[in-house]
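The structure appears below as structure tokens.
The values are calculated or read from the model by the stated rules, or taken from the named source; none is laboratory data. Just so we're clear, the structure is a prediction, and the values are computed from it rather than from any experiment. Every residue, glycine among them, receives a Cβ derived from its backbone with ideal geometry; neighbour counts consider all protein chains shown. The protein model used for the area step is the full one, side chains on, heavy atoms only, and it has no ligands, DNA or RNA in it. Shrake-Rupley method; radii C 1.70, N 1.55, O 1.52, S 1.80 Å.
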Amino acid sequence: MPNLYTRLTNNVGSWLGLGIIGVISGVLVTVMITPLLAVSGIAIKNSLSVFDALPDFIEVGRQAQNNEIYAQKNSDPENGYVKIADVYWQNRVEVSLDQMSQYLKDAAIDGEDRRFYEHKGVDLTGLIRAAIGNVTSGGVTSGASTLTMQLIKNIYVQRAEALPSEEDRAAAYAEATATSTERKLKEIKLAIGLEKRFNKEQILEAYLNISGFGGNTYGVEAAANRYFGVSAQDVTISQAASLLAIVQYPVLRNLAQPENYSANQIRRDDILRSMRDAGHITDAEYQEAVSIPVDANFVNLKDPSSGCIAGEKYSRYFCDYVVKNITNFEALGSTVDERITNWNIGGFKLYTTLDLSLQKFAQKEVWNVPKSSPIVNIGAAYDSVEVGTGRVLTMTQNKIFNDTLEGGGADASAVNFSTDRDYGGSSGFQTGSTYKIMGLLAWLNSGHGLSEVVNASEFKKDQSHFLDTCTDGGGPWGGMWEFKNDAQAPKVVTVLEAVRASINSAFASIGEQLDQCEIRKMAQSLGIHRADGAVLQTNPSAILGTNEIAPLTMATAWAGIANNGKFCESIILDHAEGPDGAVLPGQPVTCSQTIDPEVAQAAIYAMKTVMSGGTGSAGNPGDGIPIFGKTGTTDSSSQTWIVASTSRVASVAWVGNIVGTYPMRSFPNGALYRHQIMSAVMRMANQSYTGAIDWPAPPSRLLQGSGLKIPSVEGLSVEEATTLLVGLGFQVKLGGYEPSDFVPEGDVTGTDPGEGEMGAGGMLVRLYRSSGPNVEIPDVVGMLEADARDTLTNAGISVSVNCSVADDPLDPEIGSVISQAGKKSVTITVLNESCP
């Protein structure tokens, strides 16, 4: 009696003749997945309903063209644009079927789907064989995927990889590659629909142009060039088979890494055998091809010929940033899916905001930072944003851009340090003291002033005393927070001085008087967010810069401050041109007044002192253009920053550890690179972006603030002075003693901060007490005991005597004073032969 496989196979021809392939495919898939459904408890009819929920086909579309990316030649758009890259989506150059070697077509069909020209999208014979295997195994262990089904899968994978966020990409990729009933049914359904709409040549061409060949290399043209240095039209038999050997397992069989050679050769030889058995090559050709080992002599690895890696060398990271933003460009379509599809089809010209002249200058300056080092995993970035528009003018870093599978060694990276994780792979870097400005803005916005004084003498604070009304910032807070200053500082300072000298202890006191949530709101109003997508933390130490943020984010925030508190989102696309030549709009300039202009101006007033006599002086271009900024150095100087702005251009320079905590101050020139880059590039920017103006002076209310003048408490008792100061809203602690000719002993002589200084509400005031008149103590050492007593008593000083036994009974100093101690009362020590 014939078995199930034989009976079903014998009827395949008649089923095809009846034109009911869709029905039969559904039945066979049901047989294939029945064991899985039984185990999972899913009803068969529910799984088959997936057919009704899916579209009838996936559009293969017209042959893809390259997209072109342009940058402005310089600061004047009237001077035109220059092309910086030809970009197919990914490293891909799509070609027509007649531009591909016949060997490639034969290798694809013979190796992957030998009944390609016989089936209608689903290979019933293969499907039956897979069904029998699945019945035997009790699960979905074989799927009998045709080239058409693989094309469907690849299209979904491609779309998944083009999604904007890492989370979305991961979820969509997992769905597109899942070993599941639903996915297999979807592929079968869409494969049938695809074959109804497109002929075999169109499907084969699409398959060979979309398949992945390892890393960022897609399509046979890019793969042939990448691995053999030839076009797809010129590959040999062995090269064609070796390329198609990659498609099933591109990670394990690609030719970029020598450890994959053996696995590639095994699969290559299987494909060559299939090509011979199918009659597409002779036995002699087969023998010659398999005799060639897959080794370093066989592979001729070349750099990609398209994409950002092959683009203008000074602009590759910016190019990559543009490509990763295509889902945000409305010029490409009204939906994310439409933008991805149109970009993949290509033919667009993107005219970006990049100022190529300034970019080249900035990149050369940043390349003064070593690209790698044996002692520190060093990174650097410099970005510039136009004030008032948010247009990104420069984007540079110390590495060489390389997104190939094998990388490019220690000097190269695919990670863009300037951007967020979703747009470049970086998780950002702790910003250090640059973030203090968010605390300053919150301070000013709450009515405080720059002339108010704060306590800078404490280096340990109880975090439970810090208010935080945010419910998602990580609080509530508790425990002691210990910190230190980068340099010696006064015990009490004005807020203005705290900004100029970047005094940690002063900003800890500022934070203690604010709602930590308000500090975060100020940061968010300027577009500041964590580079990893997590929530900005509101821990008390956040005011000193513990959140990891991308450099471009900080430059954009400073542009908002420079724009008198009117924040503009960063943009990179000025306009575009469609495949038909139509001019399309770019990203709109989107600005909003997020900070009170007077608050912004007061912050600018304070940050000017940073760039002139403060911690940022070395980064000042020194060309007389008004500039403000803030430096940042994290604990142990593992990250160093400077963010600065004129009224035209805002810029950031970061130099630090990509990973690790090596102190940049211990690295040659490590702490100075940021200043040198900022000074040089901003000087060049000021020459290009002329017309910079100064900002209005802040109003007196933001200089004086809401603080109170410290009153005079001299001559009051400690209790009276304490009552007065606490009643005004100050905290009080006792300081030491000091002599006074006028204040009775024990009463208050003064305060710190001193009388008349502007003190912020809640700040600490220290009371100093009188130790009495400052009496001059006579020196009686060497006098006889009686003479010493008389001298001290006559000076109004009480005397007590200690006795010291002489070592030598004949010592001439016996009976004399050998030491004295004390002020208001003095103890003298007299040398004697013996002591009672």
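Quick one: which strands (runs of 3 or more DSSP E) lie wholly within the stretch 727-836 and hold at least 1 residues that are in contact (Cβ under 8 Å) with a residue 40 or more places away in the chain, surrounded by 14 or more Cβ atoms within 10 Å (Cβ to Cβ) and within 60 Å of the chain's Cα centre (by Cα)?
Numbers: elements: 731-738, 748-752, 764-770, 798-805, 817-821, 825-832.
Where strands (runs of 3 or more DSSP E) fall fully within the stretch 727-836 and carry at least 1 residues being in contact (Cβ under 8 Å) with a residue 40 or more places away in the chain, surrounded by 14 or more Cβ atoms within 10 Å (Cβ to Cβ) and within 60 Å of the chain's Cα centre (by Cα), they are 748-752, 764-770.
Of the residues that make up the stretch 663-673, is at least one under 30 Å from ASN445 (Cβ atoms) and in contact with a Gly (Cβ under 9 Å, 6 or more places away or on another chain)? Explain how you work it out, then say what you get.
First pass over the stretch 663-673, keeping only residues under 30 Å from ASN445 (Cβ atoms): none.
Checked against the condition, which is being under 30 Å from ASN445 (Cβ atoms) and in contact with a Gly (Cβ under 9 Å, 6 or more places away or on another chain), the stretch 663-673 yields no hits at all.
Cβ-Cβ distance below 7 Å, separation of 6 or more or different chains: which pairs start in the stretch 174-193 with a residue that is without any contact (Cβ under 8 Å) to a residue 40 or more places away in the chain and within 13 Å of ILE152 (Cβ to Cβ) and end on one that is open to solvent by less than 40 Å² (accessible area, probe 1.4 Å) and assigned to a helix (DSSP H, G or I)?
That search, which allows pairs on different chains as well, returns ALA176/VAL157; ALA176/ALA160; THR177/VAL157.
Please tell me if GLY565 is over 22 Å from GLY656 (Cβ atoms), open to solvent by less than 20 Å² (accessible area, probe 1.4 Å) and not hydroxyl-bearing (Ser, Thr, Tyr). Full working, then the answer.
Working: over 22 Å from GLY656 (Cβ atoms): yes; open to solvent by less than 20 Å² (accessible area, probe 1.4 Å): yes; not hydroxyl-bearing (Ser, Thr, Tyr): yes.
Against the criterion (over 22 Å from GLY656 (Cβ atoms), open to solvent by less than 20 Å² (accessible area, probe 1.4 Å) and not hydroxyl-bearing (Ser, Thr, Tyr)), GLY565 qualifies.
It is to be established whether one or more residues within the stretch 328-337 are in contact (Cβ under 8 Å) with a residue 12 or more places away in the chain, closer than 24 Å to VAL655 by Cα and not in a helix (DSSP H, G or I).
Initial filter on the stretch 328-337 (in contact (Cβ under 8 Å) with a residue 12 or more places away in the chain): 328-332, 336-337.
Add one more test, that the residue is closer than 24 Å to VAL655 by Cα, and what stays is none.
Scanning the stretch 328-337, I find no residue that is in contact (Cβ under 8 Å) with a residue 12 or more places away in the chain, closer than 24 Å to VAL655 by Cα and not in a helix (DSSP H, G or I), so the answer is no.
Would you confirm whether any residue within the stretch 407-414 is in contact with a helix residue (DSSP H, G or I) (Cβ under 7 Å, 6 or more places away or on another chain) and either part of a strand (DSSP E or B) or crowded, with 22+ Cβ neighbours inside 10 Å (or both)?
Going through the stretch 407-414, the residues in contact with a helix residue (DSSP H, G or I) (Cβ under 7 Å, 6 or more places away or on another chain) turn out to be none.
Looking for residues that are in contact with a helix residue (DSSP H, G or I) (Cβ under 7 Å, 6 or more places away or on another chain) and either part of a strand (DSSP E or B) or crowded, with 22+ Cβ neighbours inside 10 Å (or both), one finds none in the stretch 407-414, hence no.
Residue-wise test of (1) surrounded by 16 or more Cβ atoms within 10 Å (Cβ to Cβ); (2) modelled with pLDDT of 85 or more; (3) touching a helix residue (DSSP H, G or I) at 6+ places or on another chain (Cβ under 7 Å); (4) among the acidic types (Asp, Glu).
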position: ASP110; (1), (2), (3), (4): yes, yes, yes, yes
position: GLY138; (1), (2), (3), (4): no, no, yes, no
position: THR146; (1), (2), (3), (4): yes, yes, yes, no
position: ALA171; (1), (2), (3), (4): no, yes, no, no
position: GLU182; (1), (2), (3), (4): no, no, yes, yes
position: ARG197; (1), (2), (3), (4): no, yes, no, no
position: SER211; (1), (2), (3), (4): yes, yes, yes, no
position: ASN216; (1), (2), (3), (4): yes, no, no, no
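Where residues in the stretch 285-321 are among the small types (Gly, Ala, Ser) and open to solvent by 70 Å² or more (accessible area, probe 1.4 Å), which of them is nearest to the chain's Cα centre (by Cα)? Step through it out loud before you land on a result.
Narrowing the stretch 285-321 to residues among the small types (Gly, Ala, Ser): 289, 291, 296, 305-307, 310-311, 315.
Those left that are additionally open to solvent by 70 Å² or more (accessible area, probe 1.4 Å): 291, 296, 305.
Working: SER291: 49, ALA296: 38, SER305: 28 Å.
So, considering only residues that are among the small types (Gly, Ala, Ser) and open to solvent by 70 Å² or more (accessible area, probe 1.4 Å), the one nearest to the chain's Cα centre (by Cα) is SER305.
Across the stretch 805-829, which residue is farthest from SER740 (Cα to Cα) among those that are of a type in the set (S, T, N, Q) and modelled with pLDDT of 90 or more?
Start the filter on the stretch 805-829 by keeping residues that are of a type in the set (S, T, N, Q), which leaves 816, 819-820, 825, 827, 829.
With the extra rule that they be modelled with pLDDT of 90 or more, the set shrinks to 816, 819.
Working: SER816: 33, SER819: 26 Å.
Among residues in the stretch 805-829 that are of a type in the set (S, T, N, Q) and modelled with pLDDT of 90 or more, the one farthest from SER740 (Cα to Cα) is SER816.
Working only within the stretch 424-461, note down all residues that are open to solvent by 40 Å² or more (accessible area, probe 1.4 Å) and more than 18 Å from LEU536 (Cβ to Cβ).
Kept after step one, since they are open to solvent by 40 Å² or more (accessible area, probe 1.4 Å), are these residues of the stretch 424-461: 425, 427, 430, 445-446, 451, 458-460.
Listed by number, the residues that qualify are GLY425, SER446, SER451, GLU458, PHE459, LYS460.
Hey, THR661 hits all of (1) modelled with pLDDT under 95; (2) open to solvent by 60 Å² or more (accessible area, probe 1.4 Å) but one; which does it fall short on?
(1)
Here is a list of conditions, (1) touching a Pro at 6+ places or on another chain (Cβ under 6 Å); (2) under 26 Å from GLY511 (Cβ atoms), and MET763 meets all of them except one; can you say which number that is?
Every listed condition holds for MET763 apart from (1).
Scan the stretch 635-646 for residues that are part of a loop (DSSP other than H, G, I, E, B) and surrounded by 22 or more Cβ atoms within 10 Å (Cβ to Cβ) and jot them down. Show your work before the answer.
Kept after step one, since they are part of a loop (DSSP other than H, G, I, E, B), are these residues of the stretch 635-646: 638, 646.
Across the stretch 635-646, the qualifying residue is only THR646.
I'd like to verify a number: residues in the stretch 415-444 that are part of a loop (DSSP other than H, G, I, E, B), small (Gly, Ala, Ser) and within 30 Å of SER509 (Cβ to Cβ), how many? Spell out the reasoning first.
Pass one, the stretch 415-444, residues part of a loop (DSSP other than H, G, I, E, B): 415-420, 424-428, 431.
Adding the requirement that they be small (Gly, Ala, Ser) leaves 418, 424-428.
Going one step further and asking which of them are within 30 Å of SER509 (Cβ to Cβ), we end up with 428.
Selection size over the stretch 415-444: 1.
Being open to solvent by less than 50 Å² (accessible area, probe 1.4 Å) and among the acidic types (Asp, Glu) is the filter; apply it to the stretch 69-108 and report the residue that is farthest from THR146 (Cα to Cα).
GLU94
When you go through ALA223, ALA176 one by one, which is the residue that is crowded, with 22+ Cβ neighbours inside 10 Å and under 30 Å from LYS120 (Cβ atoms)? Let's see the steps before the verdict.
Details: ALA176 fails: crowded, with 22+ Cβ neighbours inside 10 Å.
Going through ALA223, ALA176 in turn, the sole match is ALA223.
In the stretch 378-406, which residue that is part of a strand (DSSP E or B) and of a type in the set (Asp, Glu) is surrounded by the fewest Cβ atoms within 10 Å (Cβ to Cβ)? Full working, then the answer.
Start the filter on the stretch 378-406 by keeping residues that are part of a strand (DSSP E or B), which leaves 378-386, 391-397, 400-401.
Okay, now just the ones that are also of a type in the set (Asp, Glu), so 383, 386.
Values: ASP383: 30, GLU386: 23.
The extreme case among them is GLU386.
Can you name every residue in the stretch 152-169 that is open to solvent by less than 40 Å² (accessible area, probe 1.4 Å) and either under 25 Å from the mean Cα position of the chain (by Cα) or aliphatic (A, V, I, L, M) (or both)? Don't jump to the end; show me each part of the working.
Taking the stretch 152-169 first, the residues open to solvent by less than 40 Å² (accessible area, probe 1.4 Å) are 152, 154-155, 157-158, 160, 162, 164-165.
Correct list: ILE152, ILE155, VAL157, GLN158, ALA160, ALA162, PRO164, SER165.
How about the stretch 690-707: which of its residues are over 30 Å from GLN513 (Cα atoms), touching a strand residue (DSSP E or B) at 6+ places or on another chain (Cβ under 9 Å) and open to solvent by 80 Å² or more (accessible area, probe 1.4 Å)?
Just the residues of the stretch 690-707 that are over 30 Å from GLN513 (Cα atoms), to begin with: 690-694.
Still in the running and touching a strand residue (DSSP E or B) at 6+ places or on another chain (Cβ under 9 Å): 692.
Within the stretch 690-707, no residue meets the criteria.
Restricting attention to the stretch 623-634, report how many residues are more than 21 Å from GLN359 (Cα to Cα) and outside any strand (DSSP E or B).
3
Per-residue answers, yes or no, for (1) open to solvent by 10 Å² or more (accessible area, probe 1.4 Å); (2) among the polar types (S, T, N, Q); (3) under 20 Å from ASN564 (Cα atoms); (4) under 27 Å from the mean Cα position of the chain (by Cα):
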| position | (1), (2), (3), (4) |
| --- | --- |
| SER592 | yes, yes, yes, yes |
| ILE604 | no, no, yes, yes |
| ALA618 | yes, no, no, yes |
| ASP623 | yes, no, no, no |
| THR633 | yes, yes, no, yes |
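Which pairs do you get when a residue that is under 14 Å from PRO293 (Cβ atoms), found in the stretch 260-273, comes within reach of a residue that is part of a helix (DSSP H, G or I) and among the polar types (S, T, N, Q), reach meaning Cβ atoms under 8 angstrom, with the pair 6+ apart or on two chains?
Short answer, once both residue conditions are applied: ASN264/SER242; GLN265/SER242; ARG268/SER238; ARG268/SER242; LEU272/SER238.
Search the stretch 462-508 for residues being within 29 Å of the chain's Cα centre (by Cα) and hydroxyl-bearing (Ser, Thr, Tyr), and hand back the single one that is surrounded by the most Cβ atoms within 10 Å (Cβ to Cβ).
Ranking the candidates gives SER502 first.
Identify all residues within the stretch 668-684 that are among the basic types (Lys, Arg) and surrounded by fewer than 17 Cβ atoms within 10 Å (Cβ to Cβ); write none if there are none. I'd like the intermediate steps shown before the answer.
First, pick out the residues of the stretch 668-684 that are among the basic types (Lys, Arg): 674, 683.
Once the filter is applied, which keeps residues that are among the basic types (Lys, Arg) and surrounded by fewer than 17 Cβ atoms within 10 Å (Cβ to Cβ), the stretch 668-684 yields only ARG683.
Which residues, taken from the stretch 343-368, are over 30 Å from GLY656 (Cβ atoms) and either in a strand (DSSP E or B) or open to solvent by 10 Å² or more (accessible area, probe 1.4 Å) (or both)? Working first, answer last.
So in the stretch 343-368, the residues over 30 Å from GLY656 (Cβ atoms) come out as 343-351.
ASN344, ILE345, GLY347, PHE348, LYS349, LEU350, TYR351, listed by residue number.
Identify, from the list GLY670, GLY656, the residue that is closer than 23 Å to GLY616 by Cβ, at pLDDT 95 or above, small (Gly, Ala, Ser) and outside any loop (DSSP other than H, G, I, E, B).
Values: GLY670 fails: outside any loop (DSSP other than H, G, I, E, B).
From the options GLY670, GLY656, the qualifying one is GLY656.
Within the stretch 617-668, how many residues are within 26 Å of ILE693 (Cβ to Cβ) and of a type in the set (Ser, Thr, Tyr)?
Residues that pass the stated criteria total 6.
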